[in-house]
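A.B. asks: Once you've had a glance at the structure underneath, I'll fire off some questions.
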């Protein structure tokens, strides 16, 4: 299967021919035409490409405006953006407008294969009919927020509604097995991807059981054991797990540029973005959400506030306004329970504040309760403002 590709280029002949040669060099891309920006919309309507490559030269601002226009008119298409140099502001704007990747002249020959692979993974996942299992990816753009604690305990409560698996994709510093007091015999690093029959039986043999309803696929125990694990292989793991488990919870690394994390985000049914009501965490969450919103629907991208504490109403309103995204859930600050469950390798008891909250979130994922979103007051200017509690002078 090839992705039919339309090149939109107002630059000179040399630049146009260079990009055309790049497209021809990729076996999974098929160039169906090259057009000027003014003809792009008409040609997309008649040629029906799956991928549109927009070269920003010679007028970057005009090129980005065209990207915004085409993305709105054809939301089902994928877009590559290229420019002579990796200008940070252009890169940020392109991603916010929905570009799948930004390629610059210095590195596009080396970066293009990975960019194409990412598009292919997403296209294949969207083309395949939905499998039985539901994937919930847990991501925190700020360290120390409690993502691993949420992963283990959310999976524990989901397992009450169907067999559940946790996949620890934090390959360098994954702690899922430690938090559940397990000593896995196998991990992601021991998977033989040349295995001729990578099926559910093979996957289960590599997993460690916590109980009859919960299993984990652990991160490598040592840094040198990470090995070669690629996005396509993560996709194979997830697709196999979806056929075997009712729920799959994935603990993601902090690095959003990790191709394995991107493959998981694309395949996930829901992405749970964790943050706290503190200035640094809010700033990182806002940056993360602004990027995600260009690629994922609100029904998929869910904002969760961990360790929520009492705050004055005006401070809470400013925090939510700065996040500029509806809140899916708030998990109370139950440090005593969190510390106990992690040290003991247990799931939070149902009578604790942490247990009650995660039980409710689990029920919402299983469909027993609606996926309600709390829309907070939003900053009409769209800019980031420091909440009053953090800006008071001493």
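The values are calculated or read from the model by the stated rules, or taken from the named source; none is laboratory data. Bear in mind the structure is a predicted one, so any value in this text is a computation, not a measurement. Ideal geometry is used to build each Cβ from the backbone, glycine not excepted, and the neighbour counts take in all protein chains shown.
A.B. asks: From 258, 211, 228, which residue is modelled with pLDDT of 90 or more and either out of contact with any strand residue (DSSP E or B) (no Cβ under 8 Å at 6 or more places or on another chain) or surrounded by fewer than 20 Cβ atoms within 10 Å (Cβ to Cβ) (or both)? Talk me through it step by step, then tell me what you get.
C.D. replies: Values: 258 fails: modelled with pLDDT of 90 or more; 228 fails: modelled with pLDDT of 90 or more.
Just one listed residue meets the conditions, 211.
This table checks each residue for (1) assigned to a helix (DSSP H, G or I); (2) in contact with a helix residue (DSSP H, G or I) (Cβ under 7 Å, 6 or more places away or on another chain); (3) without any contact (Cβ under 8 Å) to a residue 60 or more places away in the chain; (4) surrounded by 12 or more Cβ atoms within 10 Å (Cβ to Cβ).
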site: 22; (1), (2), (3), (4): yes, yes, no, yes
site: 33; (1), (2), (3), (4): no, yes, yes, yes
site: 46; (1), (2), (3), (4): yes, no, yes, no
site: 52; (1), (2), (3), (4): no, yes, yes, yes
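A.B. asks: Would you confirm, using the coordinates I've provided, whether residue 6 is modelled with pLDDT of 95 or more, touching a strand residue (DSSP E or B) at 6+ places or on another chain (Cβ under 8 Å) and not in a helix (DSSP H, G or I)?
C.D. replies: Spelling it out, residue 6 is indeed modelled with pLDDT of 95 or more, touching a strand residue (DSSP E or B) at 6+ places or on another chain (Cβ under 8 Å) and not in a helix (DSSP H, G or I).
A.B. asks: Just name the residue that is farthest from residue 271 (Cα to Cα) out of those in region 298-328 that are over 18 Å from the mean Cα position of the chain (by Cα) and not in a helix (DSSP H, G or I).
C.D. replies: Looking only at region 298-328, we keep the residues that are over 18 Å from the mean Cα position of the chain (by Cα), and these are 306-322, 324.
Then drop every residue that is not not in a helix (DSSP H, G or I), which leaves 306-312, 324.
Values: 306: 15, 307: 19, 308: 19, 309: 23, 310: 26, 311: 26, 312: 29, 324: 17 Å.
Per the criteria, the residue is 312.
A.B. asks: Keeping to region 182-194, report how many residues are part of a helix (DSSP H, G or I) and surrounded by fewer than 18 Cβ atoms within 10 Å (Cβ to Cβ). Working first, answer last.
C.D. replies: Taking region 182-194 first, the residues part of a helix (DSSP H, G or I) are 188-190.
Those left that are additionally surrounded by fewer than 18 Cβ atoms within 10 Å (Cβ to Cβ): 189-190.
Selection size over region 182-194: 2.
A.B. asks: Something else about it: Within the group 287, 293, which residue is at pLDDT 90 or above, more than 21 Å from residue 172 (Cβ to Cβ) and surrounded by fewer than 23 Cβ atoms within 10 Å (Cβ to Cβ)?
C.D. replies: Details: 293 fails: at pLDDT 90 or above.
Among 287, 293, only 287 is at pLDDT 90 or above, more than 21 Å from residue 172 (Cβ to Cβ) and surrounded by fewer than 23 Cβ atoms within 10 Å (Cβ to Cβ).
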